[in-house]
Amino acid sequence: MKEFLLLKFLDKFSGFFNKRGIDYKVMRRIIQIKLTLDKRRPSNLFQQTKKDTGKESFDYSLIIFGFIGLMSSIIIFENIPIFIKMNVITAMILFMVMTSLVADFSDVLLDVKDKSILSPRPISSKTLNTAKIIHIAYYLIKTTFAISIFAMVFGTMKYGPIYLIAFLVDNILMLGFILFITSIVYFIILTLFDGERLKDVINYLQIAFAIIILVLYQLMGRIMNVASMGKDFHLSVWTYFLPSAWFSAIFHIIVDGQYETGYIVLAVIGIILPIAVFIVYTKFIASYFEKNLTKLINFDNGSKKSGKRSKLKNKILSVICPNRTQRNFFRFAINMISSERKLKLTAYPYLAFGAILPFVFVFNFTMGSSGDFLTKISNGKYYFGIYYTLICASISIVYMGRSEKFKGAWIYGVLPLEDMEDVYKGTFKAFFIRLIFPITFVTSLIFMALCGIKILPDIIAIMINLLLLTIIVFKITSRELPFSKDFTTKYSMSESFISMGITVVIGLIHYLATKISFGIWIYIVVALIAIIIMWKNTFKVNMA
């Protein structure tokens, strides 16, 4: 088994652990196994396109974190108060580390394997808990270092060693605060929910954090606008409720040598509060937290109601899927989409990102311009930004072939299927109706509310283009059997770029059609004919 640098470092303190009633040899082996298993776990925040997991995936995440940290750390060289600079930097560190902890390391925080495997053995709870804390701290430190390395280097270059000392102490305090807040969030969830419902809530929490991080990445350039605050910044009442202000005040005192009462109060809060909450957590909350973790291995499916499918749903389904095979695989795909947590965690953030992106660009294009904001949107063609949604929505059809239960794909070999056309069509329709269409439709409705009914023909054209583009993406991508591959299986980036290029071409044709009288209606008819032709030919794939 691999010897990690962390283990070699801990070996130097083996006597320290043994004196405190911790079996160091056992603890060391537990940590070694945990780190080895982590190498097989891919990142949830940043999905990669090739089958590399664990260390490679985590290192990739660190590179992305480092880049975001670099972008926010440039503010160090701005001619504004250090308190404002450090507010931006510490806010970024707090948010990014907490996001990573929730999205990628919930399996570490909510680990129940220790209880089921190690508890029956003669291993003290103190040894188990220490191994868990060290395991979490290891990843927290690496993640924090990746995000803050440039801020540490740039700040030391500008302000000297005193900044470096304050920065390192500040980071330690922030880590304790982050661990406490994240644990409290999970503790509340564990208290309120159990069984499968609990796992769903945790999954949606991870999705929400992944969405936020994608939006934050797009808005990164706006961080530099904080420079407009200038040198006339004064503390307000709301400042005392900002965690970033607590950890930034110390720099105003130590580096700038300013000792205003307000900043001293903030600095005291930044020092005392993390220490206090960490003590409260270890003394009182941790034991209850560990007890509630057992809910993760309790499966309560009583809330799932079984009953006959309504006649109306059957009639609608018979219209959508004209034959039995399509209907069966439509139902099967709907059930898989509803139950596959990994699919949700992978696809939902990008679908939501696709819905948000048009409005981000509208905001960027209209911000700072004169005139009424809503009037500018209504009179312009900003609704063409929905094509950003089309790119993200249509490409999600590649997840048709992905599943956590991919090993069950052997069933296709024993089913009485002459070809796969109806299998693909039924699954395709389920993905389109359940995942792809709704997010684009909601985005279109918002733009209609902003621009008025006059853009209805364009919205109809966009929704038709969505179906056309999704069929094209399915045709150019490798058509795997539905739910037959793991999520780490490689897919080609070139196919994604091709689909983006096709979207641009389709959007450009649509735009040019609006310049001609009745051009949009002519375009709609042509697009419908293209869909009919492609629908008849795209899904004809014989089983090998």
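The values are calculated or read from the model by the stated rules, or taken from the named source; none is laboratory data. Values in this document were obtained by computation on a predicted structure and should not be read as measured data. Every residue, glycine among them, receives a Cβ derived from its backbone with ideal geometry; neighbour counts consider all protein chains shown. Ligands, DNA and RNA are excluded from the accessible area calculation, which covers all protein heavy atoms including side chains. Shrake-Rupley method; radii C 1.70, N 1.55, O 1.52, S 1.80 Å.
Could you give the length gained by full extension between ASN18 and ILE172, i.e. 0.36 nm per residue of separation minus their alpha carbon distance, to one decimal place?
53.0 nm
When the chain is fully extended, how far beyond the present Cα-Cα distance does VAL319 get from LEU242, taking 0.36 nm per residue of separation?
Values: separation 77, 0.36 × 77 = 27.72 nm, distance 5.49 nm.
Here the segment from VAL319 to LEU242 would lengthen by 22.2 nm.
Say R0 is 56 Å: what FRET efficiency, to the nearest 0.05, do LYS405 and LYS158 get from their beta-carbon distance?
0.55
Need the full-extension length gain, LYS8 to ILE460, defined as separation in residues times 0.36 nm minus the C-alpha distance. One decimal, nm.
156.4 nm
At R0 = 35 Å, how high is the FRET efficiency between ILE433 and ILE33 if r is their beta carbon distance? Nearest 0.05 is fine.
It comes out at approximately 0.20.
Using modelled amide H (1.01 Å from N, peptide plane; none on Pro or chain starts), what sits under 5 Å from the amide H of ARG402, excluding residues fewer than 5 places away?
PHE483, SER484, LYS485
At a 1.4 Å probe radius, which order do MET420, MET157, MET500 fall into by accessible area, largest first?
Largest to smallest exposure gives the sequence MET157, MET500, MET420.
Give me the distance in nm between label points sitting 7 Å out from Cα along the Cα-to-Cβ direction at GLN258 and MET500, one decimal.
4.3
Would you mind checking the pairs LYS344/LYS407; LYS376/LYS515; LYS376/LYS475; LYS313/LYS405; LYS315/LYS425; LYS85/LYS142 and listing those with alpha carbons more than 30 angstrom apart?
Values: LYS344/LYS407 19 Å; LYS376/LYS515 19 Å; LYS376/LYS475 39 Å; LYS313/LYS405 27 Å; LYS315/LYS425 18 Å; LYS85/LYS142 23 Å.
The pairs that break the limit, which is 30 Å between Cα atoms, are LYS376/LYS475.
Along the Cα→Cβ direction, 7 angstrom out, place labels at SER517 and LYS536. What is the inter-label distance in nm?
With each label placed 7 Å out from Cα toward Cβ, I get 3.4 nm.
Treat each spin label as a single point 7 Å out from the Cα along the C-beta direction, and report the LEU445 to LEU235 distance in nm.
For LEU445 paired with LEU235, the spin-label model returns 4.7 nm.
What accessible area, in Å² to the nearest ten, does a 1.4 Å probe give for LYS454?
About 120 Å², ignoring ligands and nucleic acids.
Could you work out the relative contact order of segment 412-522? I mean the mean sequence separation of Cα pairs under 8 Å and 6+ apart, divided by the number of residues, in percent.
Numbers: 31 pairs, mean separation 30.3, N = 111.
Reported as a whole number, the value is 27 percent.
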